[in-house]
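K.L.:
Quick one: structure below, then a few questions.
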Amino acid sequence: MADLLGFVLSGLVSGALYALLATGLVLSYSASGLFNFAHGATAYLCALAFYELHSGFGWPAVPTAVLLVCVAAPALGWGLDRLMFRKLARVGETAQIVATIGLLVALPALGLWIVELLEDAGASVKPAENQFGLPGVGPSPAKSWQLTDGVGIDSDQLITWIATAVVAVGLWILMRHTPLGLKLRAAVDDRSLVELRGLSADRLSSIAWMLSSALAGLAGVLATPLLGLSAHDFTLFLFVSATAAVLGRFVSIPLAFAGGLGLGVLQNLVAGYANFAERITGFRTAVPFLILFAGLLLLTRRSRTAGTAAVDAPPVDYLAGRSRLRRWGPWAAAAVLLAAAFYTVTTPFWSGILAQGLALSLVFVSFTVVTGLGAMVSLAQATFVTGAALVAGLLMSHGWPFVAAAAVGTCAAAVLGALVALPALRLGGRSLALATLALAFLADQVLFQVGWLRNGDTGWSIPRPVFGPVDLNDDRAFGVALLVLVTAAVAALSALRGSPSGRAMLAVRSAPAAAMASGVSVVRTKLVLFTLSAGLAGFGGVMYASYNTRVTATDFTAMTGLIWLAVVVAAGLRRPQFAVVAGLVYALVPHLVSDYVTESVHLPVILFGLAGLALANDPDGYCAAVSVRVHRRRLVRGGPDATGARTWMGARAEAETGAATGVTGAESEAASGATGGTVGTPSGSRAEVFRAPSGSPTGAPSGDPTGVAETGAPSAAPSSPTDATPALELRAVRAGYDGAPVLHGVDLAVHPGEIVALLGPNGAGKSTTCRVAAGLVGPLGGQVYVAGRDATREGAVRRSRAGVVLAPEGRGLFPALTIEENLALYLREKDQREAVYERFPGLAGRRGVPAGSLSGGEQQMLALAPLLQRPPKVLIADEPSLGLAPRIVEEVFRLLTELRDTGTALLLVEEKATEALGVADTVAYLAQGRVTWCGPRASVETARLTEAYLGLAATPEADTGADLDSDPDPTSPMNPTIPSQTRGGVRP
């Protein structure tokens, strides 16, 4: 019993640290969508600072700890959020993972380099790296108390428990009983909706990162007596704590906290009672990674993929269609020059360095396969390298020739890759990255500790081969041979990309659901890519070990693989030739820095880590960024490549629009149609549906029967029921997404106490108009005025605070928050919330129920009800009746009219034309991104509205507009219909 109690108590110490780190991970991920692989590096940096300030400079322990945890760590989190994390939140998940891994590599090296610089300057610092048995916050040496026979605790353990308990209570109070906690939880639910409620999501994200960094700093200071100052151990500690974050599904702080405590206890119990583990070297230390891998497999849910929008839109190749000489000439010339350099200008030393870089290039090209083609982040590539090299060395020690041993080692790595991929392929993104990293650590601590495989600390000899007269013991000959192999690998991968199989792989990368619908097996394709990548990495590992003539089990650890990934992704993953550049850079930079800058080993590591950080600005890598920028300059200058550049820019915008912005597919189609396609409302078919009175200035100009003004001119004058200043006005607004235009000069005005119904077919730009008016999308041209004030440059937050509220398409509420909490975000006063409950008694009895569990009608009532108590100056309602029953639709429109009667200006976008016309004062028709008509509701010709808007044939009695050039075929693309309507008639 005493043993059990001892295991539990000591497990609660490590569990408390796991809980602190896991809670910080969940906080930062919830607020920004980023899983911070560098969380442990922040903890290490604070631990290092605490040790140097306390032990080196003699500062008191407690004030130093408070300064670091409450000031320095939050300041670091705030700075990283401002400089890096905000930008990363807008790029793909691959770039997010690698950028934070770069930070994981750079921060500890930066801290150690600063200590070196201080030591050189004569400061009283102490040796830092890999120091153990260090003092903590409490007394030094620690005081001990004996609880029972054989069971005791010390002051460091007690301080850890007390600090963790205080943090747990404080976080619970913060998140559940303070306005700040409510806002943070709302930001987790829907970041954009938070901004539409007038709250700065960026500011909330900064607060979350500050809290997260403070928790990491606290864990680092408390862990100093337990872990010492080993950056490797802190990194391992982070990935173990990631298991607790998985238990909380990356969103639940209480579950993550409890999971951390339980994980620490479970780890100790397994280590103490699993007798069979004594026969397996490294098993006890590998227990957390087994739990991490199992937790990822069992608890991670795959998100449902819907639609056909690209999940990861690749950059368009601007050299597509060019000659082979134009595409490959510069690379071929560079290869020839490099081969010649081995025998002309390079010294033996630099020949060896270049050969080493080419050997690494083979490994780096494997990242192009698994991540560039497959969009899977594998953190186990170093494991495949080590496994293949050890197998090849083992076989060579038994007399196998080099070629046969290398082939078997490569196959062993491929088989290992398949075994890794089979259980992990159901995961994606960060979960797959964590799973492969867990397996990499398992291999380091268990598989590569097997005696017959590792051959002790000496490893295996792998002599360089001799092929007839070619002796590869000469670094120059070895370098040229590697150059041939690298060229062959690059050519093979480039040929694969252009083949049908390669196109299927790219389809799986960009849009898995669409690829599956086209008959492509997503699982089989990913398995092939993973296996091919592992085999290529293994072959590169054999060649690299042959360059060194020996391999040991510790040459390529899992941490080494993290640095490799940061370097190759920073160069560019999409093209294998960029991986070759990365390999050469990785080999050359440390020696160049050592010769010309500093002999410190930390600066090259910092540079490689910072290369990963550059992905916040250039997600496709610096090699791709250079060529893209050159091409853009040609576009600006209007040079010979300008036409191709415009095509490339338009294609990239079209590829990224749906995935990156959430714009509807119809509006993305309209964007391309505006540049020459026949999308949306065609010229002459619907332009005169709305007839202004004779002589009215709101009609189409004479001689323009379509009602669409020429490019650059306003499309229609806005209609004004009064001479008052409009509450919301759009003047010649142009807008789009990533260069794809959607709106082409929209003029629209909404006055106080007026409902303007904005009608038009799918793809006309209605939702984009709403987003521009609310500040979610910045206009490319024109102005937006709010109550006569120019608000064009204001974002959604300032626009909302000025009284402009957007009720977005769907339900404008936070599903994970309760009814009471949803109301409290908009109505601060309790009596205002009680007034809502009096008006809607069905909500009163369920105020503690999550809003996501309500029916669609109840959710829409909950979204609109607070507006009656605090009417906004402007309400932009985008499809408020979407998916609702007819009875609920009537209630929704009744609420809208009540808001109008309070003086609110309403811009109403609605597909149910009959209902919209029933409440509208003014009607505007939008087609192909232009307002083609705007006027009073009385001027609308209902029969023509039916024909043009719903694609239905007009009745003879109503066919008074013989001059209209309408399409007689109701199935013609000139008469698109609203999907929610039928051709048999108009919804009553």
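K.L.:
Please pick out the residue among D471, D475 that is touching a Leu at 6+ places or on another chain (Cβ under 9 Å) and closer than 30 Å to Y343 by Cβ. Write out each step before concluding.
P.N.:
On the way: D471 fails: touching a Leu at 6+ places or on another chain (Cβ under 9 Å).
Testing whether each residue is touching a Leu at 6+ places or on another chain (Cβ under 9 Å) and closer than 30 Å to Y343 by Cβ leaves just D475.
K.L.:
For region 377-395, which positions are surrounded by fewer than 24 Cβ atoms within 10 Å (Cβ to Cβ) and either in contact with a strand residue (DSSP E or B) (Cβ under 7 Å, 6 or more places away or on another chain) or closer than 16 Å to A579 by Cα (or both)?
P.N.:
L394, the sole residue that qualifies.
Residues are listed down the side, and each one gets a yes or a no for (1) crowded, with 21+ Cβ neighbours inside 10 Å; (2) modelled with pLDDT of 85 or more; (3) touching a strand residue (DSSP E or B) at 6+ places or on another chain (Cβ under 6 Å):
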residue	(1), (2), (3)
R191	no, no, no
L196	yes, no, yes
S200	no, no, no
L211	yes, yes, no
G217	yes, yes, no
A223	yes, yes, no
L227	yes, no, no
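Here is a yes/no grid of residues against (1) among the basic types (K, R); (2) assigned by TED's automatic domain parsing to the domain that holds L45; (3) farther than 22 Å from A219 by Cα:
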position: P74; (1), (2), (3): no, yes, no
position: W78; (1), (2), (3): no, yes, no
position: R82; (1), (2), (3): yes, yes, yes
position: T94; (1), (2), (3): no, yes, yes
position: G102; (1), (2), (3): no, yes, no
position: A106; (1), (2), (3): no, yes, no
position: E116; (1), (2), (3): no, yes, yes
position: E119; (1), (2), (3): no, yes, yes
position: S124; (1), (2), (3): no, yes, yes
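K.L.:
Next question. Among the residues of region 423-441, is any at positive phi and at pLDDT below 85?
P.N.:
Within region 423-441, the subset at positive phi is 429.
Then drop every residue that is not at pLDDT below 85, which leaves 429.
Within region 423-441, one or more residues are at positive phi and at pLDDT below 85.
K.L.:
Is it the case, given these coordinates, that A72 is touching a helix residue (DSSP H, G or I) at 6+ places or on another chain (Cβ under 9 Å) and farther than 20 Å from F239 by Cβ? I'd like the intermediate steps shown before the answer.
P.N.:
Details: touching a helix residue (DSSP H, G or I) at 6+ places or on another chain (Cβ under 9 Å): yes; farther than 20 Å from F239 by Cβ: yes.
So A72 passes the test.
K.L.:
Only one residue in G498, G502, G456 is surrounded by fewer than 16 Cβ atoms within 10 Å (Cβ to Cβ), of a type outside the set (S, T, Y) and closer than 12 Å to G374 by Cβ. Which one?
P.N.:
Working: G498 fails: closer than 12 Å to G374 by Cβ; G456 fails: closer than 12 Å to G374 by Cβ.
Testing whether each residue is surrounded by fewer than 16 Cβ atoms within 10 Å (Cβ to Cβ), of a type outside the set (S, T, Y) and closer than 12 Å to G374 by Cβ leaves just G502.
K.L.:
While we're on this one: If only one of A791, A774, A787 is out of contact with any Pro (no Cβ under 7 Å at 6 or more places or on another chain), at pLDDT 85 or above, within 23 Å of D878 (Cα to Cα) and crowded, with 21+ Cβ neighbours inside 10 Å, which one is it?
P.N.:
Numbers: A791 fails: crowded, with 21+ Cβ neighbours inside 10 Å; A787 fails: crowded, with 21+ Cβ neighbours inside 10 Å.
Just one listed residue meets the conditions, A774.
K.L.:
Within region 734-756, how many residues are within 30 Å of the chain's Cα centre (by Cα) and part of a strand (DSSP E or B)? Walk me through how you get there before you give the answer.
P.N.:
Pass one, region 734-756, residues within 30 Å of the chain's Cα centre (by Cα): 734-743.
This time we only want the ones that are part of a strand (DSSP E or B), so: 734-737, 740-743.
Qualifying residue count, region 734-756: 8.
K.L.:
May I pose another question? Given A73, A49, A43, A16, which one is in a helix (DSSP H, G or I), over 25 Å from S205 (Cβ atoms) and not acidic (D, E)?
P.N.:
Numbers: A73 fails: over 25 Å from S205 (Cβ atoms); A49 fails: over 25 Å from S205 (Cβ atoms); A43 fails: over 25 Å from S205 (Cβ atoms).
Answer to the check: A16.
K.L.:
Okay, moving on. Among the numbered criteria (1) closer than 27 Å to G778 by Cβ; (2) at pLDDT 50 or above, which single criterion is violated by S668?
P.N.:
Unmet condition: (2).
K.L.:
Report, by residue number, each residue of region 798-819 that is modelled with pLDDT of 85 or more, surrounded by fewer than 19 Cβ atoms within 10 Å (Cβ to Cβ) and within 20 Å of G857 (Cβ to Cβ).
P.N.:
The one that is modelled with pLDDT of 85 or more, surrounded by fewer than 19 Cβ atoms within 10 Å (Cβ to Cβ) and within 20 Å of G857 (Cβ to Cβ): T818.
K.L.:
In region 614-621, is there at least one residue being closer than 30 Å to F441 by Cα, assigned to a helix (DSSP H, G or I) and at pLDDT 85 or above?
P.N.:
no
K.L.:
Quick one: is G33 surrounded by fewer than 24 Cβ atoms within 10 Å (Cβ to Cβ), closer than 21 Å to E93 by Cα and assigned by TED's automatic domain parsing to the domain that holds L227?
P.N.:
Yes.
K.L.:
Out of the helices (runs of 4 or more DSSP H) lying entirely within region 450-558, which hold 1 or more residues that are of a type in the set (K, R)?
P.N.:
Passing ranges, in order: 451-454, 475-498, 500-510, 522-548.
K.L.:
Which of the helices (runs of 4 or more DSSP H) found entirely inside region 317-414 contain at least 2 residues meeting this: in contact with a Phe, Trp or Tyr (Cβ under 7 Å, 6 or more places away or on another chain)?
P.N.:
Values: elements: 324-343, 348-367, 381-397.
The qualifying helices (runs of 4 or more DSSP H) are 348-367, 381-397.
For (1) surrounded by fewer than 21 Cβ atoms within 10 Å (Cβ to Cβ); (2) at pLDDT below 90; (3) under 21 Å from the mean Cα position of the chain (by Cα), each residue gets a yes or a no:
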| position | (1), (2), (3) |
| --- | --- |
| L296 | no, yes, yes |
| P314 | yes, yes, yes |
| L325 | yes, yes, no |
| F367 | no, yes, yes |
| V370 | no, yes, yes |
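The values are calculated or read from the model by the stated rules, or taken from the named source; none is laboratory data. No experiment lies behind these values; they were computed from the predicted model shown. With ideal geometry, Cβ positions are generated from the backbone for all residues, glycine too; neighbour counts draw on all protein chains shown.
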